[in-house]
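Heads up, the thing below is written out as structure tokens.
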């Protein structure tokens, strides 16, 4: 086993791992409350042979079954779970170091019912993260194990899949400049590095969000750091030849800083996302923003979170991306803010109109109600929202919920 005390590369990887873990687990207004809402707990995770601490949202199949991952549980390395329409949970896979550790991102699924995802660490000796496939029968395969150097390490985000079965994603570290990469994995498991972030201050670094694409195959994403000397993160475009264009570099002021969540894209080519921190508000506490970015690079800050320290009516620190309905309304979660039962607030579910009017749909109260929703939301055709909380629930190990506005 490598000795990190004498191996600078191992030290670098451990530092990035430590920083990302501390960022991910860090816990610390014109707002209108919504009338009549219902939050239903679909599953409470527990410590006895179950998953613990889901960090990502869920996906749904045609029959209404939900699928997702937990960051820990059973052996301590995470699980893949299914929750059927009656609320019964099944574990489809239990992670061990040999096939991956800590699936911090959610899943995608193909037309045959095969799931794809990433683990932040593990996967064979000296590997530092994996890309995997799994199915509902429990068959599991490691498609790629990152080597922790030029080929990237520690994928924080999930995957994007094209019509030919190629998978696209990011790693938070590694690459030519040790600042993360964008990669492509073909159906045979061959990896192609499309972009290595860095060097210097003007490119992005440490991407923690996934990718979206347009009809021409261009990829869009964010990085948590780097960009134009401010080092507060960027929005980038990568064309089919691997050429990068920095569409926007955050300054850490009114526009926000450190985007972590996935982007979404509308039919006009506008991108929507969140920043975890930054944004100027009367309290000066930098609780994050929701933004719209045009293809020209013009940014509009749709909302700045206020989230008074110690909890408050508004949300604070949106770490996940957004979902959008047919009328252009945006829905998301904040990791903190809301009710002050938790340090810094237990988190919220919010709705934002296209004109920037925010409504807090639900304020998590801790305890049985859950706390710290890290993942994004899934919206069904009836307008119901589904998601997870990292903690809380009956056993205080996190839960899966359905919210009816």
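The values are calculated or read from the model by the stated rules, or taken from the named source; none is laboratory data. Bear in mind the structure is a predicted one, so any value in this text is a computation, not a measurement. Here the Cβ is made from the backbone with ideal geometry for all residues, glycine too, and neighbour counts use every protein chain on show.
Among 375, 321, which is the only one that is farther than 20 Å from residue 396 by Cα, crowded, with 21+ Cβ neighbours inside 10 Å, in contact with a strand residue (DSSP E or B) (Cβ under 8 Å, 6 or more places away or on another chain) and at pLDDT 95 or above?
321
Criterion first (modelled with pLDDT under 85, out of contact with any helix residue (DSSP H, G or I) (no Cβ under 9 Å at 6 or more places or on another chain) and not in a strand (DSSP E or B)) does residue 355 satisfy it?
When the stated conditions are applied, residue 355 does not pass them.
Just checking, does the range 332-352 include any residue being in a loop (DSSP other than H, G, I, E, B), at pLDDT 90 or above and surrounded by fewer than 24 Cβ atoms within 10 Å (Cβ to Cβ)?
The answer is no; no qualifying residue exists.
Which one of these does residue 94 not meet: (1) over 20 Å from the mean Cα position of the chain (by Cα); (2) on the phi > 0 side of the Ramachandran plot?
So residue 94 meets the others, but not (2).
Would you pick out the residues in the range 162-174 that are surrounded by fewer than 18 Cβ atoms within 10 Å (Cβ to Cβ) and in contact with a strand residue (DSSP E or B) (Cβ under 7 Å, 6 or more places away or on another chain)?
Of everything in the range 162-174, just one residue is surrounded by fewer than 18 Cβ atoms within 10 Å (Cβ to Cβ) and in contact with a strand residue (DSSP E or B) (Cβ under 7 Å, 6 or more places away or on another chain), namely 166.
Sort through 55, 14 and tell me the only one that's modelled with pLDDT of 95 or more and either closer than 23 Å to residue 315 by Cβ or outside any loop (DSSP other than H, G, I, E, B) (or both).
From the options 55, 14, the qualifying one is 55.
Can residue 91 be described as modelled with pLDDT of 80 or more and under 30 Å from residue 359 (Cβ atoms)?
no
Considering only residues that are part of a loop (DSSP other than H, G, I, E, B) and on the phi < 0 side of the Ramachandran plot, look in the range 69-89 and name the one that is surrounded by the most Cβ atoms within 10 Å (Cβ to Cβ).
71
For residues that are surrounded by fewer than 24 Cβ atoms within 10 Å (Cβ to Cβ) and under 20 Å from residue 178 (Cα atoms), tally how many sit in the range 90-120.
0
Which members of the range 292-318 meet the condition of being modelled with pLDDT under 85 and assigned to a loop (DSSP other than H, G, I, E, B)?
Scanning the range 292-318 gives 307, 308, 309, 310, 311.
Only one residue in 194, 143 is closer than 16 Å to residue 103 by Cα, outside any loop (DSSP other than H, G, I, E, B), modelled with pLDDT of 95 or more and touching a strand residue (DSSP E or B) at 6+ places or on another chain (Cβ under 8 Å). Which one?
143
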